[in-house]
Amino acid sequence: MKTILSRLSYLIFSLLLCANAAAAWQLGMQEPASEMAATQQFLNEFVMWIIVIIGIGVFGIMFYSIVRHRKDKGYKAANFHENTLVEIIWTAVPMFIIIGMALPATSAIIDYKNTSSPDLTVKVTGIQWKWEYDYLDKDVAFYSQLSTAPEEIGGKYYGSDATANPQSDHYLLEVDNEMVVPVGKKVRLLLTAADVIHAWWVPQLGVKQDAIPGVVRDAWFEANRPGVYRGQCAELCGKNHGFMPIVVRAVPEDEFNAWIVEQGGKVAASDEAPNYVGADTTAATAEDAAPVEWTMEVAMQQGETAYNTYCAACHQANGEGLLPAFPALKNSKIALGDIAEHIDIVINGKAGTSMAAFSYLSASDLAAIITYERNAWGNDTGDLIAPEDIKK
Amino acid sequence: MDVTLPNEGHHDTSHDDHHGKPSGFRAVAWHYLTTTNHKDIGTLYLWFAFIMFLSGGIMALLIRAELFQPGLQLVEPEFFNQLTTMHGLVMVFGAIMPAFTGFANWQVPLMIGASDMAFARLNLWSFWLLPMAALLLIGSFFTPSGATAAGWTLYAPLSTQQGVGMDMAIFAIHLMGISSIMGAINIITTIINMRAPDMPMMRMPLFIWTWLITAFLLIAVMPVLAGAVTMLLTDRHFGTTFFNAAGGGDPVLYQHIFWFFGHPEVYIMALPAFGIVSSVIPAFARKPLFGYTSMVYATGSIALLSFIVWAHHMFTVGLPVTGILFFMYATMIIAVPTGVKVFNWVATMWQGSMTFETPMLFAIGFIVLFTVGGFTGLVLSIAPLDVQLQDTYYVVAHFHYVLVAGSLFSLFAGVYFWIPKWTGRMYNETLGKAHFWLSMIFFNVTFFVQHFLGLAGMPRRIPDYALQFADFNMVSSIGAFGFGLSQLLFLYVVIDCIRNGKPVSEKRVWEGADSLEWDLPTPAPYHSFHTPPKLKWDGQRPVIAD
């Protein structure tokens, strides 16, 4: 039945349905890259056909009546107003149809919720507005955030009057660090969040699970072919909810192992603290080693870039923040006050607020950001913080 | 015996030409501030609802204007979130619910032979709380941090991150909740206590039945919502941690409480719509409502089931598999009584002698599109499939089919159906039909394509989207502006009817209309029944016996 139904759907919708991940004028779901996603697509088509058939029946009778039983055609009204047999039939028949739909749905959801015996476990943390991936047994952890240039999205995104110019192929669905997973392996996700509720969703892999602060939930997926699968945060999580995409790259197992090694992780299990990788540390290593003199100009330049990457989403590019959750840095007590306190709050965050700990950034990025915050937007303290001043 | 005492003057120049006409702005304002007449209060409710409908509509058009093309052109993301949040709150609590209460005020006493609502002053108070709540809600846009941007569901802990606009929304919800509860008590008491003795429960018009059941739903769940937002308030300001895991609370608890309110709320906005449609269809089919008894039981079953399906809004929150199965099955079962209703309406039309004036068109539009919304509801009830569709545009399309093509279309049907009885004047049929066809076409242009966006993977509540979603979003935005502008035509038709409409004087304005108000003079006298009328029954039709 499954194959007949899907063939029938494809026969009728083949000109309209696109087989791509997602394309313009697409009418159906994205092409499945996991068995779960394929099951969901089947269920969608299965239920769709049932409701189309019921709809044709009910509306057909109604429109026949609208055409035939009109006063202007001289039709005289009948006067019946009940029929027990008919009423029993149209109560009972839908019951059976519903049971028919519930059966495949039940087995699918039992499978969906079965997170046992994974081949790989990754802890995923939703943070306003990025994702953190921690490969628990592999010593690999990193942050992943939107890599579409703000200029494409437009000035409304970062507080200027620049015009939007969306053009990149994966506009809003591209990240700096992709999540890499092995093909054909059951990947279990442990999901949580740092601030508000987010939801991790990749349509082609058939998984969507809320990430809830203070709670760990799990979910699983298994990519059945190599490829890049894109998704987005699916639970409203504040200002940049629309700008925290998810990108999963599924590769053969040996490529995956090579990637882990490349990231400085271990292919075998380890209980050491994770080693943060990605743009942050690679940039840090390069710059810490570079023989560039640490001047105000260098620090401000590096600081502006790093600030716009890590801080501006909340505190805004103009330093004016976004009340009430995100205070201004311009003219703020922290940015104009004691240097040690300023360093402390950036490295360790502030409990009970949205201010996250940024200890994972390199010393030179941290020094540059703090220097920038103390000297930009009219905060002319003249303080130059050196990477050596940063003691984590 | 003349029980109706139509002793008021039958001038048809104005709807409040009694006790000496209030003239001049101050007199009219004072009249409406102090009136305890159910008809005047009903009128206040309806105009208030329409003003809120236009306000929420402007927010919707700003949203659709931003989504017209990819990239951020008009609004900042934070303001976009404020718009989606306030659009939802204003439409649900400001437009749809008060509009149905307005219908209850006008119609309940007329349909059951009561002199007025049971608690006339309470009735006035219920109404005047609403403009205060609306001031708080709309006013919150002008606070430094803007209106709340946490979504109309106000999920914690995002809602604890908001500014003072959130507190204003919480107090507005408190006020609207008190108003709804008082209104519900009033409606229940009126129906149970003040019904004409000759009208047994099982002969009440279905509109009365649906509102009676709706009123019980309101009393059951509005306090639950009030509790949820009060817990938010204390979490925000008084150090409690109901929804904060760090203090031993649970963010998911908020969702359980909210949706325990939220699902019955869906039926609060749907059952009175069923009532209106069940009045309109038999009138224009000139044939009694099919399956009256099963309609009553179906309404009751839907109301009871609505209390045990709330977690289908939470299939991706991480419920245990047994929990998901329970809520999935319970949700699917709702399709049965809902299906019975649709079948009954179609059977009422079957072999009728139908004409298609504007109320009938909106009622048929309601049946078709509400059924489509019901179908997508069935799709969404399939838990493994809902995992893909939760929080996407598929859901947005689904609930707009239920609430716009459902509740709103039924309200339009009701206005066109009863406005001759209310004003003694007939609306312009050509313009009314134009309003229907424009609404029908643009509604579908706006919302049908959103199913495709959701299936293709576009999340809801995002101010900007990936490029493959661009085409359907443009179509949807064009439809939205067409739909919004069409509603100005409705405003014109109503004002034109009140001011210049052709006077009608026959009691039974519509040939097939059969409930009690159609045996009253047209326009309905300011005080319709001084004493309970004696009724004779002509089949399903009550006739005032003199």
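Answer with one residue from B:Phe93, B:Trp152, B:Ile181: the one whose Cα lies farthest towards the positive end of the charge dipole of region B:87-237, charges on Cβ with Lys, Arg +1 and Asp, Glu -1.
B:Ile181
Between region A:306-374 and region B:264-291, what's the alpha-carbon centroid distance in Å?
Taking the Cα centre of each part, region A:306-374 and region B:264-291 sit 59 Å apart.
So what does the Cα-only Debye profile of region B:95-179 read at q = 0.20 Å⁻¹, as log10 I(q)/I(0), no solvent term?
Each listed q maps to, in turn, -0.89.
Please give every one of the aspartates and glutamates within straight-line cross-link reach of B:Lys534, meaning a C-alpha to C-alpha distance under 19 Å, and leave out same-chain neighbours fewer than 8 residues apart.
Of all the aspartates and glutamates, those that pass the test against B:Lys534 - Cα under 19 Å, at least 8 places apart if same chain - are B:Asp2, B:Asp116, B:Asp198, B:Asp514, B:Glu517, B:Asp519, B:Asp546.
What does the convex hull of the Cα atoms of region B:245-320 come to per residue, in Å³, rounded to a whole number?
Here the figure is 100 Å³ per residue.
Would you mind computing the Rg to Rh ratio of region B:308-363 from its alpha-carbon coordinates, Kirkwood style for Rh?
Computed over Cα atoms, the ratio is 1.28.
Can you tell me the orientation of helix B:164-193 relative to chain B, as the angle in degrees between its alpha-carbon axis and the longest Cα principal axis, to the nearest 10?
30
Counting Lys and Arg as +1 and Asp and Glu as -1, each charge on the Cβ, what is the dipole of chain A about the Cα centre in debye, to the nearest 20?
Using Cβ point charges on Lys, Arg, Asp and Glu, chain A gives about 2680 debye.
Can you pull the percent of chain A's accessible area that's carbon plus sulfur, 1.4 Å probe, other chains left in place?
Roughly 58 percent of what the probe reaches on chain A is carbon or sulfur.
Residue farthest toward the positive end of the dipole of the protein assembly as shown, with Cβ of Lys/Arg at +1 and Asp/Glu at -1: which of A:Tyr133, A:Gln145, B:Ile382?
Farthest along the dipole direction, towards plus: B:Ile382.
Defining a contact as two alpha carbons under 8 Å apart and six or more residues distant in sequence, what relative contact order in percent does chain A show?
The value is 13 percent.
Using alpha carbons only, how many degrees (0 to 90, rounded to 10) separate the axis of helix B:409-423 from the longest principal axis of chain B?
Orientation of helix B:409-423: about 30 degrees from the principal axis.
If one takes the longest principal axis of the Cα atoms in chain A, at what angle in degrees, from 0 to 90 and to the nearest 10, does the Cα axis of helix A:296-310 lie?
Tilt of helix A:296-310: around 20 degrees.
Order these peptides, A:72-82, A:195-205, by their mean beta-carbon neighbour count within 10 angstrom, highest first.
Ranked by mean Cβ neighbours within 10 Å, highest first: A:195-205, A:72-82.
Find the accessible area per residue for chain B; the probe is 1.4 Å, ligands and nucleic acids are left out, and the unit is Å².
31
Can you send over the carbon and sulfur percentage of the accessible area for region B:456-546, probe radius 1.4 Å, protein chains only?
Roughly 57 percent, rounded to a whole number.
Given q = 0.12, 0.17 Å⁻¹, what are the Debye log10 I(q)/I(0) values for region B:39-155, with equal point scatterers placed on the Cα positions and solvent ignored?
Ignoring solvent entirely, the Cα scatterers give -0.51, -0.83.
Mind grabbing the accessible area of A:Arg68 for me, 1.4 Å probe, Å², rounded to tens?
Counting only protein heavy atoms, the figure is 110 Å².
At 0.890 mPa s and 25 °C, plugging the Kirkwood radius over alpha-carbon pairs of chain B into Stokes-Einstein gives what diffusion coefficient in µm²/s?
102
On a straight-distance basis, which lysines could pair with B:Lys507 in a cross-link, Cα separation under 17 angstrom, same-chain partners fewer than 8 positions away excluded?
Cross-link targets: B:Lys421, B:Lys536.
So if I take the alpha carbon set of the protein assembly as shown, get Rg, then get Rh from the Kirkwood formula, what is the Rg over Rh ratio?
Value, to two decimals: 1.01.
Using the charge dipole of region B:50-201 (Lys, Arg: +1 at Cβ; Asp, Glu: -1 at Cβ; taken about the Cα centre), state which of B:Met201, B:Leu74, B:Leu124 has its Cα farthest towards the positive end.
Going by the Cα projections, it comes out as B:Met201.
How much of the DSSP beta bridge set in the protein assembly as shown is antiparallel, as a percent to the nearest 5?
So the antiparallel bridges amount to about 70 percent of the total.
Compute from the Cα atoms of region B:205-261 the Rg and the Dmax, the latter being the longest Cα-Cα distance, and quote both in angstrom.
Final numbers for Rg and Dmax: 15.5, 53 Å.
Given a 1.4 Å probe and no ligands, DNA or RNA in the count, how much accessible surface is buried by B and A, both sides, to the nearest 100 Å²?
8400
About its Cα centre, how strong a charge dipole does the protein assembly as shown have in debye, to the nearest 20, once Lys and Arg get +1 and Asp and Glu get -1 at the Cβ?
4400
Which percent, nearest 5, of DSSP beta bridges in chain A are antiparallel?
Close to 70 percent.
Just tell me how shielded B:150-162 is by partners: mean number of partner chain Cβ atoms within 10 Å of each residue's Cβ, no decimals.
Taking the mean over all residues of the peptide, I get 4.
How big is region B:423-546 by the Kirkwood estimate over distinct Cα pairs, in Å?
Taking every pair of different Cα atoms in region B:423-546, averaging 1/r and inverting gives 18.5 Å.
Where does each of B:290-296, A:231-237, A:103-109, A:381-387 land if you order them by average Cβ count within 10 Å, highest first?
Highest to lowest by the protection proxy: A:231-237, B:290-296, A:103-109, A:381-387.
Determine, for each peptide in A:326-334, B:51-59, B:414-422, the mean count of other beta carbons within 10 angstrom over its residues, then list the peptides with the highest first.
Top to bottom by mean Cβ count within 10 Å: B:414-422, B:51-59, A:326-334.
Quick one: compute a quarter of the convex hull surface over the Cα atoms of chain A and quote it in nm².
That works out to 28.3 nm².
Near B:Gln82, within a Cβ-to-Cβ distance under 13 Å, what is the net charge of the other residues, with Lys and Arg +1 and Asp and Glu -1?
Counting the neighbours of B:Gln82, the net charge comes to -1.
Please check which bits of region A:188-202 a label hung off A:Asp119 would reach, taking the label as a point 7 Å along Cα-to-C-beta and the cut-off as backbone N under 17 Å.
Answer for this model: A:188-189.
The values are calculated or read from the model by the stated rules, or taken from the named source; none is laboratory data. Just so we're clear, the structure is a prediction, and the values are computed from it rather than from any experiment. Here Cβ is always computed from backbone atoms with ideal geometry, including for glycine, and neighbour counts include all displayed protein chains. To get the accessible areas, we keep the full protein, side chains included, count just its heavy atoms, and leave off ligands, DNA and RNA. Shrake-Rupley method; radii C 1.70, N 1.55, O 1.52, S 1.80 Å.
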